[in-house]
1. Among (1) under 10 Å from the mean Cα position of the chain (by Cα); (2) assigned to a loop (DSSP other than H, G, I, E, B), where does Asn126 come up short?
2. Within region 175-217, which residues are under 19 Å from Lys279 (Cβ atoms), buried (at least 23 other Cβ atoms within 10 Å of the Cβ) and not hydrophobic (A, V, I, L, M, F, W, C)?
3. Checking His120 against (1) assigned to a loop (DSSP other than H, G, I, E, B); (2) more than 22 Å from Leu221 (Cβ to Cβ), which single condition isn't satisfied?
4. Report whether or not Ser257 is exposed (fewer than 15 other Cβ atoms within 10 Å of the Cβ) and modelled with pLDDT of 95 or more.
5. So how many residues does region 3-31 have that are farther than 21 Å from Gly76 by Cβ and in contact with a Phe, Trp or Tyr (Cβ under 6 Å, 6 or more places away or on another chain)?
6. Have a look at Tyr197, Tyr207 and point out the one that is without any contact (Cβ under 8 Å) to a residue 60 or more places away in the chain, assigned to a loop (DSSP other than H, G, I, E, B) and either closer than 20 Å to Ala241 by Cβ or more than 17 Å from the chain's Cα centre (by Cα) (or both).
7. Any residue in region 18-41 that's farther than 22 Å from Asn62 by Cβ: show its pairings with residues that are modelled with pLDDT under 95 and part of a loop (DSSP other than H, G, I, E, B) at Cβ separation under 7 Å, as long as the two are six or more apart or on different chains.
8. Which residue, of Val29, Val72, Val16, is within 18 Å of Gly124 (Cα to Cα), surrounded by 15 or more Cβ atoms within 10 Å (Cβ to Cβ) and either hydrophobic (A, V, I, L, M, F, W, C) or under 16 Å from the mean Cα position of the chain (by Cα) (or both)?
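The values are calculated or read from the model by the stated rules, or taken from the named source; none is laboratory data. Here the structure is a predicted model, which means the values were calculated and not measured. FYI the Cβ positions are ideal-geometry reconstructions off the backbone, even for glycines, and counts take in every protein chain you see.
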Amino acid sequence: MEWARNNYLEGAGENVMFGGTDPSIANLVPSDIEIRHNRFSKPLSWKIGDPTYAGTPWAVKNLFELKNARRVLVDGNLFEYNWPHAQSGFAILLTVRNQDGSAPWSAVEDVTFSNNVVRHTASGINILGKDDNRPSQQTKRILIRNNLFEDIGGSWGGGRLFQLLCGTADIVIEHNTALQTENVIMAEGAPHTDFVYRYNLTPHNAYGITGTGTGVGIQTLQKYFPSASVTHNVIAGGHAADYPPGNFFPASLDEVSFVDRAGGHYRLRESSPYRRAGKDGKDIGVDFAALCAAMPDTASLPRACVPSSPSDKRPSHNARPPDS
């Protein structure tokens, strides 16, 4: 068991990475890893052009990456401040790599990314199905559940929420709330099998779910996500005709009825049409009771987790959140 808990983790290239150099032991894959209650960040004094820039052009890449790992739980963490420099600006990379060419067994599989906050970054999560340079195993069984993505894109650059490349398998993305400025999903390369996208709340923006060489929505799903389940998502500003039935398309995020979108409070009001609108009986988007219970008590909690009055108590942190 490898684990990291209750740390502040800062690094220019990559704050935390598993893999990256081929193991000297045949068939070795780092396994049974827990990453909980940490803050991953980069200071703005490293960002060229920021008023606080200190003059050293550190090679900024990302906040967290798996290149060779299995059975990984990433739960209750804060990931913030990441921008394009030495890479394109994705905060989280699940990108299998046979780095030096001698480890074709390299794998990224059985990963749960849950109850995290990702904010102030150019793009969200990039998932690579197979190493596009050398032989590797297929990335599979990835669960991305109940995360808040806030301030993705815009002045940070980029703006993509999820990117899936080179044929993944068994990816489930559910109950996430995101405020990103570009695509919800960008796809490229080989098709992705057994893909599930449900109960998520995002703006559509210009292209929503799209891929290289394909149009918005159904055309992309048919080519890159055959037999995918895409249902009960709020895609604000999108058009129902472009997507499978069973999703919701308010004209704007204002119609979602957050408690206070301008103030960063993304719980749904009781009057929201998307309260308890999932087939599982939960709100579309984040279950904030679960997310707030998983997050550590810090000054950087999302607004929805901060009590508004002495009687508005946060949930206890004693209960261990489920691993899947």
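1. Condition not satisfied by Asn126: (2).
2. Within region 175-217, His175, Asn176, Thr177, Tyr197, Tyr199, Asn200, Thr202 qualify.
3. (1)
4. No, not satisfied.
5. 2
6. Exactly one residue qualifies, and that residue is Tyr207.
7. Asp32/Met1
8. None of the others qualify; the one that does is Val16.
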